[in-house]
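The structure appears below as C-alpha cells.
The values are calculated or read from the model by the stated rules, or taken from the named source; none is laboratory data. Note that the structure is a prediction, hence the values are computed from the model and not measured. As a convention, Cβ positions derive from the backbone with ideal geometry for all residues, glycine included, and neighbour counts pool all protein chains shown.
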Amino acid sequence: MKRDELKKKLTQLFPAEQVHTDELTLLTRGTDAGIYRLIPKAVVTVNSEEEAIRLLRFCHGEKVAITFRAAGTSLSGQTISDSVLMEVGHGFSFTTIRNNGETATFGCGVRGSVANRQLSRFARRLGPKPASINAAKIGGIIANNASGSNHGILHNSYNTLRSMRLILADGTLLDTADSESRRSFLLSHRELCDQLLNLRRQVVGNVEMSNRITRKFELKNTCGYGVNALIDFEDPVDILQHLMIGSEGTLGFISQATFQTIHDAPLKATALVYFATLRDVCDTILPLRSCKVHAAELMDRNALRAVEKMEGMPPELRELPEGAAALLIDTAADDPDTLNEQIREIERKLSPIPMLAPILFTTDTRLYNRYWSVRNGLFTSAAATRPPHTACIIEDVAFRGEILGEALEDLRGLLVKTGYDDAVMWGHLLDGNVHFTIYPDINNREGVNQYAHFMEELCEVVAVKYEGSLKAEHGTGRNMAPFVEKEWGNEIYALMKRIKEIIDPQGVLNPGVLINDDPQ
C-alpha cells in the first residue's frame, strides 16, 4: 500500500495527532539501537488495548506488515519497519502491586527502572535486569526475554512472568490470568491450540529433539523461538504465553504482564578484581557459582581501556598490562554479618586463582553506584572508541562455564584473524554470556564482505564447535535471523517456522525478524 493511501486510511481510524508520516518523525521514531535502517511509512501511537486491536485488525485485513516499538533499545534490528510502526503510548504506563510487592502487574509502556523504583519500597525488583533498564520498557523486556547480569536464566522473563494480556494479529485479546478468557480462546482458536499441542507431541515424542532443546536452554538463548515452551507446558494457552516471550513482536502484542518479583537485599558490596589473562577470569566461574554472588561482570583489556579515564575509575586501570582482564563482583545481603560472611566465602574460594592484586570489596554506596553505572554504560563507552566512518556492532554469545576460557581464547583469535583486534569484550560471567563490539566499515563492499566472512566463522565457533548460543539475551532480530537454522539444525528450525505459520498465518507481524530465509 502506498504511503498516501495508508495515511488516509489510518487517519480515518485514529486522531491525526496519533498518525505520524512526516519524514523527521519517521526517521527519529523509526530508529532503534542497532545498525540497521528501515524507514516506516507511518508511525501510529496507541494508548489502549482497544486502539492496538483496531490497528492490528486493519493491518491484518489489508495484509500490511506491522512492527511494535516500546523504547526502541533493541540491538538486533527487531523494532524497525518499512511499513507500519506501532508505538506504545502513555496509556500503557500503569502499575498494580500486590502481596507486599511479591507480584506486580505492569503495562508494556512502563520503563524497567520505574518498575524497580516502585518495587523498591517493598525491597523487591524485577528479575530481568538489562543494562538498558533505565530506558527499556516492559513490553520490550518481555518480547526479547531480556535478562542481564543477575542470574540471567533463573530470573529472566520466561521464568518470572506469571500472566499476560496479549493480542494476536487478528485482533483477538487473550488474558492468560482470566479463566473465562482462556476458555473462550480455546473455543474460538481451537485449531491454533490443537496445532500447538501437535507440535508439543512431536517434540516430546522425539527424545533426541527434546534433549537437544533442553540442553540448549540450559544456556541463555534468545536465538529463535523459545521452543522449550513445548516441553515445559501442557496447556496450549501456557505454551502460547511462553512462546510470546522472546518472540520479538513476530507472534503478537503484549499489552501488560504480571511478574513474580525478586527480593532485593538492601546491603551491597562490590569488588573490581584484576587478572593477568582472560583465561584466569574464566577460571573463577565455577567457584563463584557456589557463592552468594548476584553478578560477576567480565571486562577484557580493551573494555577497561574504554572506561579507564572516566571519573571515579581506579587509577591502576591505566597501568594494567596488555592482555589483562577484570571482574566486577556483586554480592548482597539483609544484614552486615551475612554480607561479611559472603565476602569471606568469595575471597576464600577465589584464593587459588592468580590475581594481579588482592580482592578489595567496598560497601561505599557512591563508589558502588559509580562502578555499576560505568559497567552498564560500557556499550556506549566502547562505541565512542570506534574509528571514524565505521559502524559499531555488538554481538552476544553464550558458552558453557566449563569451557568458557577455551571458547573465549578461540573467539579472541577469530577477532584478530579477521581484522577486528580492537574488539571490546565484556559480559555476564556466571551465565557464560559474553558481549563484544566490532567496528566494520560497511560503507564499501570490502568492509561488508569482511563482516560477512566473520559472521560465518563466528557461527562455526559458537554454534558448531562449542554448541553455544549465537544470541544469549539481545534477541535474534534481523542480525542473527539468517543463522538460526545453523544453530538449531533443519528439524528444529522447521518447527520454529511452523510456530510462526500457526500463530501469524498471514505473516504481517514483524516480517524478516527471527525467521528469515534471506542469507544477506
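Quick one: would you say A357 is assigned by TED's automatic domain parsing to the domain that holds A463, surrounded by fewer than 20 Cβ atoms within 10 Å (Cβ to Cβ) and on the phi < 0 side of the Ramachandran plot? Considered against the rule, which asks whether it is assigned by TED's automatic domain parsing to the domain that holds A463, surrounded by fewer than 20 Cβ atoms within 10 Å (Cβ to Cβ) and on the phi < 0 side of the Ramachandran plot, A357 comes out as no. Among the candidates S181, S188, S147, the residue that is surrounded by 23 or more Cβ atoms within 10 Å (Cβ to Cβ) and among the hydroxyl-bearing types (S, T, Y) is uniquely S147.
Taking each residue of the range 474-488 that is free of Cβ contacts under 8 Å to residues at least 60 places away in the same chain and not assigned by TED's automatic domain parsing to the domain that holds I394 and looking for partners that are assigned to a helix (DSSP H, G or I) and among the hydroxyl-bearing types (S, T, Y) with beta-carbon atoms closer than 9 Å, six or more apart or interchain, yields E485/Y493; K486/Y493.
Total residues in the range 88-103 satisfying the condition of being among the polar types (S, T, N, Q) and assigned to a helix (DSSP H, G or I): the figure is 2. Here L317 passes the criteria (1) touching a residue at least 24 places away in the same chain (Cβ under 8 Å); (2) assigned to a helix (DSSP H, G or I) except the one numbered (1). For the range 343-364, a tally of residues being in contact with a Phe, Trp or Tyr (Cβ under 8 Å, 6 or more places away or on another chain) and in a loop (DSSP other than H, G, I, E, B) returns 5. For the range 12-49, filtered to residues that are part of a loop (DSSP other than H, G, I, E, B) and free of Cβ contacts under 8 Å to residues at least 24 places away in the same chain, the residue that is nearest to G109 (Cα to Cα) is P15. So is E456 of a type in the set (D, E, K, R), under 23 Å from the mean Cα position of the chain (by Cα) and under 23 Å from I141 (Cα atoms) or not? No; evaluated as a whole, the condition is false for this residue.
A residue that is more than 20 Å from the chain's Cα centre (by Cα), of a type in the set (S, T, Y) and within 20 Å of D431 (Cβ to Cβ) occurs somewhere in the range 462-472.
Scanning the range 445-470 for residues that are hydroxyl-bearing (S, T, Y) and part of a loop (DSSP other than H, G, I, E, B) returns a single hit, Y466. Report, by residue number, each residue of the range 60-119 that is of a type in the set (K, R) and either buried (at least 16 other Cβ atoms within 10 Å of the Cβ) or at pLDDT below 95 (or both). Matches in the range 60-119: R69, R111. Note on the range 1-11: residues that are of a type in the set (K, R) and not in a helix (DSSP H, G or I) total 1. For the range 51-69, the criterion of being closer than 22 Å to I141 by Cβ, among the hydroxyl-bearing types (S, T, Y) and assigned to a loop (DSSP other than H, G, I, E, B) is met by no residue. So for the range 427-444 (the condition being surrounded by fewer than 16 Cβ atoms within 10 Å (Cβ to Cβ), out of contact with any Pro (no Cβ under 7 Å at 6 or more places or on another chain), not in a loop (DSSP other than H, G, I, E, B) and not assigned by TED's automatic domain parsing to the domain that holds Y225), does at least one residue qualify? No - not one qualifying residue is present in the range 427-444. Of all the criteria given as (1) modelled with pLDDT of 90 or more; (2) buried (at least 18 other Cβ atoms within 10 Å of the Cβ); (3) within 23 Å of M313 (Cα to Cα), the one not satisfied by L408 is (3). Any chance the range 145-158 includes a residue that's touching a helix residue (DSSP H, G or I) at 6+ places or on another chain (Cβ under 6 Å), over 30 Å from L286 (Cα atoms) and modelled with pLDDT of 95 or more? The answer is no; no qualifying residue exists.
Going residue by residue through the range 228-248, is there one that turns out to be among the hydroxyl-bearing types (S, T, Y), over 23 Å from the mean Cα position of the chain (by Cα), within 28 Å of P128 (Cα to Cα) and at pLDDT 95 or above?
No, because not a single residue in the range 228-248 is among the hydroxyl-bearing types (S, T, Y), over 23 Å from the mean Cα position of the chain (by Cα), within 28 Å of P128 (Cα to Cα) and at pLDDT 95 or above.
Scanning the range 473-502 for residues that are over 23 Å from the mean Cα position of the chain (by Cα) and either more than 21 Å from V204 (Cβ to Cβ) or among the β-branched types (V, I, T) (or both) gives a single hit, I502.
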